[in-house]
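A quick write-up on the structure given underneath.
All of the numbers you see were taken from the coordinates with simple rules; none came from a lab. Keep in mind that what you see is a predicted model, and the values were worked out from it rather than measured. Positions of Cβ are generated from backbone atoms using ideal geometry, with glycine treated the same way; all protein chains shown enter the neighbour counts.
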Amino acid sequence: MESLSYLFRLSTAGLFLDTNTFRAQRDNPHVLRDGFLVVLLIGVIVGVASFIGNLLTMLATPDPINLLTTVQRELERTALVIELKRQIPTFELDPFFTQMADAARTLQWSGLIGAAATPFVYLVGWLLYGVVAHLIARSLGGDGDLAQTLGCTALASGANLLALVQIIPFAQVSGSTLLGLIGCYLGLRAAHNLPAWRAFWAALLGPILLIVVLLVFSCGLLAVLVAVAQRG
Amino acid sequence: MTVIDTFNGALILNQRVFTEMRDAPDGVRRGFLLILMVGLLVGAIQSASELISVANPEQVVNAFMTGYRQAIEQQRATVTTPEQREVLQWMEDSEEEIANIVRALVTEPALLPRPVVLMFQALAQTVSTPLSYLGGMLLAVCLTHLAARQLGGQGGIRAMVAVGSLSVAPHVLDALTFVPILSLPLGLISWGWGLIVLITGTAVVHRLDSGKATLAVLLYPSLLIVLGVLFSCILIFLLISLAASLS
């Protein structure tokens, strides 16, 4: 088992885009195992930070149900709603606020559940991205094997260390996705000895395909929903 | 070279600092340190100023209601039908209830005491500011790097991120934007100055002349703006056509 300090050094290489460590990782005899441990370690650290942050956010935020009750009570008193109710007798705020309260109850624990699932999400994301990027890199003339691709792109998850800031409630993370993509580009370039433009496409085609698939799926879902609503 | 030296060098466009950042193996780490320093300074001052303004809930309610009244006045200038005027009147009559809603949103108690919540909010704004600068800088650097490579540049992305970090240095002026009268001019100065630092950095990293470096920095943002305007025009045209066909 590699020491924690070694794994932490590998993680910060991804954060600070250390190209020498990316190249060294390609020739590491335990490239896949070390990559897996790096992603897991970062996932656990970020998950714990995010869990603490979410817990503190819940303690620092007023009860959403109380807030909705107050908002509904005051809205019912406004001239706008009174006039609307007078002109449209069927107009009621209750169904809307009941739905909002249901959604608030459902989402109340989503932050904590999401935080606990962070290591799993990072590992699945890394494996999926790595496999797709490997296939594209190979088709573009890359010479690395799957273990090298996964091992090198694992270092890019060092960008997720920026998400440690979530330990502070209400803090916002930004920049980690772009930094992670730059890390993946460097990782693919090192793992497959690809020229700059080919490594660029190998790093980006996977996310672009994912966005296109999601857009097509959303449009299809929307079309089905509209068709069902029209029949209804 | 200390982070303060790097900061000063970036502000006065010292070529030696740019070259050193390009060639240093730890350039990215030093660049991020500079962003952290500027971001924390700006974030701390801005959050302290905001803390003073939100500490009194009535001040927040009054600020919101001023905006609410201004919005109604603006709408009043554009309404044409008696029905629209009636709705505006109802909104005007609802002022007290709207103020109550805002007051409830601001003062509704949480499990933690209000001073602790306010302190968390200030801390969150302070630590989020460097990350927001980092996100903006990375986006600008990626777009610039792509354009620079297409224009014949030879630099790498690592060097570009390291040198691009220097463009955050002028944003130290954002710390003073809490003064209302200074907000716009200082914001414009820091943005323009940052742009000049990025152009200089691009020229150094990609070994391009200043004309090509300027083109590299401005190419994709201009293209995105033009596409955005075109898309908005098409959308407005479609909406008008749809409205005409429905009526």
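Brief remarks on what is shown
- Note on the protein assembly as shown: Cα-only Rg and Dmax are 26.4, 79 Å.
- Note that the stretch A:126-232, at 10 °C in a medium of 1.306 mPa s, gets a Stokes-Einstein diffusion coefficient of 102 µm²/s from its Kirkwood radius over C-alpha pairs.
- Two tests apply to each whole DSSP H helix in chain A, Cα reach of 15 Å or more along its axis and mean Kyte-Doolittle hydropathy of at least 1.6, and the ones passing both are A:31-60, A:196-231.
- Quotient of Cα Rg and 2.2 N^0.38 Å for the stretch B:39-130, N being how many residues it contains: 1.45
- Estimated D of the stretch B:208-247 in µm² per second, where Rh is the Kirkwood radius over Cα pairs and Stokes-Einstein applies at 25 °C, 0.890 mPa s: 199 µm²/s
- Gap separating the Cα centres of the stretch A:39-68 and the stretch A:87-138, nearest whole Å: 14 Å
- For the stretch A:123-149, the residues whose amide N sits under 11 Å from a probe point set 7 Å from the Cα of A:ASN193 along the beta carbon direction are A:142-144.
- Over chain A, relative contact order from alpha-carbon pairs under 8 Å, at least 6 apart, %: 32 percent
- Simple spin-label estimate for B:LEU227 and B:GLN74 in nanometres, 7 Å along Cα-Cβ: 2.9 nm
- Size of the stretch B:1-156: Rg and Dmax of its alpha carbons, in Å, are 24.2, 70.
- Sites count as exposed loop sites when they are GluC sites (Glu not before Pro), lie in a DSSP loop, and have at most 16 other Cβ atoms within 10 angstrom; the longest stretch of chain A without one is A:93-232.
- Cα centroids of the stretch B:78-147 and the stretch B:1-53: 28 Å apart.
- Here the Karplus curve 6.51 cos²θ - 1.76 cosθ + 1.60, taken at θ = phi - 60°, turns the phi angles of the stretch B:186-197 into couplings of 5, x, 5, 5, 5, 5, x, 5, x, 5, 5, 4 Hz, with x standing for Gly and Pro.
- FRET efficiency for A:ALA24 and A:LEU214, using Cβ-Cβ distance with R0 set to 45 Å, rounded to 0.05: 0.80
- Inter-label distance, nm, simple model (7 Å from Cα along the C-beta direction), B:TRP191/B:SER53: 1.8 nm
- R0 of 41 Å, Cβ-Cβ distance A:LEU93-A:VAL131: FRET efficiency to nearest 0.05: 0.25
- You can think of it this way: the chain between A:VAL224 and A:ARG105 has 40.0 nm of extra reach, that is 0.36 nm per residue less the Cα-Cα gap.
- Short-range pairs are left out: with C-alpha atoms under 8 Å and at least six residues apart, the relative contact order of chain B is 29 percent.
- Förster radius 30 Å - calculated FRET efficiency between B:ILE181 and B:LEU88 (Cβ-Cβ, nearest 0.05): 0.40
- Between A:LYS85 and B:LEU242, the simple label model (points 7 Å from Cα in the Cβ direction) yields a spacing of 3.3 nm.
- Highest to lowest packing among B:177-189, B:35-47, scored as the average C-beta count within 10 Å: B:35-47, B:177-189
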